[in-house]
Amino acid sequence: MVGIPGVGKTSLLKTVVEILTKQNKSVSVYSFGSLMFEIAKNHGIQDRDELRKLPVPEQQRLQKIAAEKIAGLTEDVVIIDTHAFISSPEGYYPGLPEHVLKIIKPTNFVSVSAKPEEIYSRRIKDFTRNRDKITLANVKKELDFQSGIISACAVITGSPIKYVLNREGKIDEAADKIINSIGL
Ligand code: ATP
Ligand code: MG
């Protein structure tokens with residue numbers, strides 16, 4: 001699952017797990033960023049929001065180790081909470097470059113979107129995260145870039161992309177769509 005920061009991926013996946021648990025179905029959710037952070041912690045990184053400021057080659061190294069951990073997971077259904085790209089000081093760089101996709105081999109993509117104004121206000125209100133300078137124009141640019149880069153992922157893997165709109169106050173609706181799109 002990909003989506004720009006503040007679009008609601010982590011909240012949606014929490015709801016997806018709650019719905020499936022009620023139906024006695026199991027699904028495992030991992031955050032790509034958290035896996036990278038676990039590895040980076042051994043190298044002196046203290047805040048997960050510092051990851052995107054590391055030199056790109058270092059982020060790429062961590063990405064590869066995290067991808068290998070994901071490939072080694074043994075659960076039947078694994079959902080990865082991640083970003084199609086990361087805004088770093090050098091510019092946007094892919095969260096799922098070809099070498100990572102070839103390790104993970106995702107069967108489905110879910111691309112989460114929302115109204116730019118809603119994403120903007122979700123970021124502004126979320127004090128738990130250390131976010132970069134937030135502007136509505138940047139949110140719009142990121143949404144544009146997201147749809148381009150996820151198309152490339154689909155072409156590389158041959159896997160389908162489900163676009164899901166996370167409407168304000170309608171997390172349950174979007175979570176149901178996600179569950180249906182991956183046939184759970
Ligand atoms: P990041 O990539 O930075 O981890 P994220 O995509 O995981 O971001 P969340 O942390 O899930 O985003 O959500 C950001 C904020 O938006 C949270 O405060 C969450 O409660 C709120 N939010 C998410 N979805 C909705 C929704 N449908 N309606 C209202 N608020 C929402
Ligand atoms: Mg999140």
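The values are calculated or read from the model by the stated rules, or taken from the named source; none is laboratory data. Keep in mind it's a predicted model, so treat the numbers as computed, not measured. Positions of Cβ are backbone-derived with ideal geometry, glycine not excepted, and every protein chain shown enters the neighbour counts. Surface accessibility is based on the protein's heavy atoms, side chains included, excluding ligands, DNA and RNA. Shrake-Rupley method; radii C 1.70, N 1.55, O 1.52, S 1.80 Å.
Regarding the stretch 47-63, can at least one residue be identified that is more than 14 Å from ligand 1 (Cβ to nearest atom), assigned to a loop (DSSP other than H, G, I, E, B) and on the phi < 0 side of the Ramachandran plot?
yes
I'd like the full set of residues that are hydroxyl-bearing (Ser, Thr, Tyr), touching a residue at least 60 places away in the same chain (Cβ under 8 Å) and open to solvent by 20 Å² or more (accessible area, probe 1.4 Å), limited to the stretch 1-29.
Within the stretch 1-29, the subset hydroxyl-bearing (Ser, Thr, Tyr) is 10-11, 15, 21, 26, 28.
Filter once more, keeping what is touching a residue at least 60 places away in the same chain (Cβ under 8 Å): 10-11, 15.
Correct list: Thr10, Ser11.
Just checking, which of Ile178, Ile156, Ile134 is closer than 19 Å to Ala84 by Cα and more than 16 Å from ligand 2 (Cβ to nearest atom)? Before the answer, list the steps.
Details: Ile178 fails: more than 16 Å from ligand 2 (Cβ to nearest atom); Ile134 fails: more than 16 Å from ligand 2 (Cβ to nearest atom).
Matching residue, one of Ile178, Ile156, Ile134: Ile156.
Just one of Leu101, Leu51 is within 16 Å of ligand 2 (Cβ to nearest atom) and in contact with a helix residue (DSSP H, G or I) (Cβ under 9 Å, 6 or more places away or on another chain); which is it? Working first, answer last.
Details: Leu101 fails: within 16 Å of ligand 2 (Cβ to nearest atom).
Checking each option against the conditions leaves just Leu51.
On the given criteria, is Leu96 part of a loop (DSSP other than H, G, I, E, B) and under 23 Å from Lys141 (Cα atoms)? Break it down stepwise before answering.
Values: part of a loop (DSSP other than H, G, I, E, B): yes; under 23 Å from Lys141 (Cα atoms): yes.
When the stated conditions are applied, Leu96 passes them.
Before we move on, is Phe32 open to solvent by 20 Å² or more (accessible area, probe 1.4 Å) and either within 12 Å of ligand 1 (Cβ to nearest atom) or closer than 29 Å to Phe145 by Cβ (or both)? I'd like the intermediate steps shown before the answer.
Values: open to solvent by 20 Å² or more (accessible area, probe 1.4 Å): no; either within 12 Å of ligand 1 (Cβ to nearest atom) or closer than 29 Å to Phe145 by Cβ (or both): yes.
So Phe32 fails the test.
Looking at (1) surrounded by fewer than 18 Cβ atoms within 10 Å (Cβ to Cβ); (2) more than 15 Å from ligand 1 (Cβ to nearest atom); (3) modelled with pLDDT under 95; (4) not charged (D, E, K, R), which is the only condition Ala40 fails?
The failed condition is (1).
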